[in-house]
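Below you'll find the structure, written out as structure tokens, and then a few comments.
The values are calculated or read from the model by the stated rules, or taken from the named source; none is laboratory data. This structure is a prediction, so every number in the text was calculated from the model and none was measured. Using ideal geometry, Cβ is built from the backbone for each residue, glycine included, and neighbour counts are taken over all protein chains shown. The area values use the complete protein model at the heavy-atom level, side chains included, leaving out ligands, DNA and RNA. Shrake-Rupley method; radii C 1.70, N 1.55, O 1.52, S 1.80 Å.
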Amino acid sequence: MNNFSLNTPTKILFGKGQIAELGKEIPADARILITYGGGSIKKNGVLDQVRAALTGRTVFEFGGIEPNPTFETLMKAVEVVKAEQVDFLLAVGGGSVADGTKFIAAAARYDEARDPWEILLKRGAKVTGAVKMGVVLTLPATGSESNNGAVVSRKATGDKLPFFSAYTYPVFAVLDPVTTYSLPARQVANGVVDAFVHTVEQYLTYPAEGRIQDRFSEGILLTLIEEGPRALAEPENYDVRANVMWSATQALNGLIGAGVPQDWATHMIGHELTAMHGLDHAQTLAVVLPSVLEYKKEQKRAKLLQYADRVWGLRDGSEAQRIDGAIAATRAFFEQLGVGTRLSAYGLDGSSIPAMIAKLKEHGGTALGEHQDITIEDSQRILEAAR
């Protein structure tokens, strides 16, 4: 196992009715900006619950953060933060709202002499402070509610880039599974795929004697395989929703990735698909991951065999057959959820692959994967195989 430093400072308030408690987590004199997306929280009553919990407080609201949050929209929120002297941000929604709010938090405190887009270009390295924030999660998927990372797009240039900062950990996150009951099936399926691939990116690499991390990862994957389809079939089953929600948080709060190698090639390649074609984040992961596993199966052989055994129960046949079976089972699971695993499923013929690869190169994605051995040419072959 590798050395590691682990800090997971976000307080979790989990369970039914916990939104009512969020006022206790925010200073009484705070000037609060609630951020949200397309307005579903107005229809399902979540925004009313949040407002009720903040009765008597100084509260402003900013809506319209996109499913892939854009720099252009987020900078409008930064203007509100500065104009109204906001000192606490409350993201109410899914991972995109949480991600966008992290950027707002950092950009509002960024050096006035610098272009805030530099936060993304420098991957957060120049961030020296941020407005404090909390999250009320309504869509379990990204794990953004309890980590320090975010991904932001820029419409003007077609870029989608991540950043990380010790200053952008949410102070707290409220996770009430009941808020997920009204989610459309597409978002539920996307959330399961997102959490699944987050886990795989930290698990399907090479053995590092991280036995606890491996068992945690396998537990998350098995839970998602068991409960993901049930979340679609039984949308108001509290225990199913609770397990899916907690799985997504555990998949990317730093715990399972501590002390073990990590991949993230699927994410880096997938970001270019979203930036160019507007696919949902999880859709890009479902397209790219099986192709990455197939392309790198020799380098990932030991962990793929472990995955085949412990996650899919594949113990018969040759090693090659079990590896192929595990990759096929992964693809079939995504398809079972209704998430296509080929570019063609989204009306794409592959003609834009050279342009996506050019963007990937521009963004520095020239040595991806746990061994940094996935070249630009490899990434192109991976996308070609995903047609």
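Taking the charge dipole of region 251-357 about its Cα centre, with +1 at Lys and Arg Cβ atoms and -1 at Asp and Glu Cβ atoms, the residue from 346, 306, 293 reaching farthest to the positive side is 306. Sequence-ordered 3J(HN,Hα) estimates for region 21-37 from the Karplus curve with 6.51, -1.76 and 1.60 and θ = phi - 60° stand at 8, 5, x, 5, 8, 10, x, 4, 9, 5, 9, 9, 10, 7, 10, 7, x Hz, glycine and proline given as x.
Put 171, 136 in order of accessible area, largest first, 1.4 Å probe: what do you get?
Numbers: 171 60, 136 0 Å².
The ordering from most to least exposed comes out as 171, 136.
Given H placed on each backbone N at 1.01 Å, which residues far from residue 13 in sequence or on other chains put an amide H within less than 5 Å of it? Those qualifying (amide H under 5 Å, at least 5 residues apart or on another chain) are 173, 174, 175. Label positions at residue 181 and residue 14, each projected 7 Å from the Cα along the C-beta direction, are separated by 2.1 nm. Of the solvent-accessible surface of the chain, computed with a 1.4 Å probe over protein heavy atoms with every protein chain present, carbon and sulfur atoms account for 50 percent. Between the Cα long axis of helix 319-336 and the first principal axis of the chain there is an angle of about 40°, rounded to the nearest 10. Computed from the alpha carbon positions, the gyration tensor of region 1-153 leads to an equivalent ellipsoid with semi-axes of 23, 19, 15 Å, biggest first. Across region 172-236 the C-alpha pair distances fall into 10 Å bins from zero in the proportions 19, 43, 28, 10, 0 percent. Axis of helix 376-385 versus longest Cα principal axis of the chain: the two differ by about 80°, to the nearest ten degrees. Per residue, the accessible area of region 264-363 comes to 39 Å², computed with a 1.4 Å probe over protein heavy atoms only. Given R0 = 45 Å, the distance between the Cβ atoms of residue 171 and residue 316 translates into a calculated FRET efficiency of 0.35. The spacing between region 149-181 and region 55-125, judged by their C-alpha centroids, is 10 Å.
Round to the nearest 10 and report in Å² the accessible area of residue 331, as given by a 1.4 Å probe over the protein chains' heavy atoms. Ignoring ligands and nucleic acids, residue 331 comes out at about 50 Å². Residues in region 223-235 carry Karplus couplings, in order, of 5, 5, 5, 6, 9, x, x, 5, 4, 6, 7, 10, x Hz; the curve used is 6.51 cos²θ - 1.76 cosθ + 1.60 with θ = phi - 60°, and Gly or Pro positions show x. Between residue 262 and residue 157, the modelled label-to-label distance comes to 2.3 nm, taking each label 7 Å out from Cα in the direction of the beta carbon. Given R0 = 51 Å, the distance between the Cβ atoms of residue 115 and residue 226 translates into a calculated FRET efficiency of 0.65. When every Cα-Cα distance of the chain is counted in 10 angstrom steps from zero, the calculated P(r) takes the values 5, 24, 34, 26, 10, 2, 0 percent. Given +1 at the Cβ of Lys and Arg, -1 at the Cβ of Asp and Glu and no other charges, the dipole of the chain around its Cα centre is 360 debye to the nearest 20. Full extension of the chain between residue 208 and residue 25 yields a length gain of 62.0 nm, computed as 0.36 nm times the residue separation minus the alpha carbon distance.
In whole Å and largest first, what semi-axes does the C-alpha gyration tensor of region 233-387 yield when each eigenvalue is scaled by 5 and square-rooted? Show your work: numbers first, answer last.
Values: eigenvalues 126, 85, 59 Å².
Working from the Cα gyration tensor, I get semi-axes of 25, 21, 17 Å.
Taking 0.36 nm per residue of separation and subtracting the current Cα-Cα distance, fully stretching the chain between residue 335 and residue 301 would add 9.9 nm.
Loop-only GluC sites (Glu not before Pro) in region 284-375, please: DSSP not H, G, I, E or B, and at most 14 other Cβ atoms within 10 Å.
Qualifying residues, ordered by number: 298.
Shown is the FRET efficiency for residue 82 and residue 309, computed with R0 = 51 Å from the Cβ-Cβ distance and rounded to the nearest 0.05: 0.40. Annotation: amide H-H contacts under 5 Å for residue 34 (H modelled 1.01 Å from N, sequence separation of 5 or more, or interchain): 60, 61, 62, 90.
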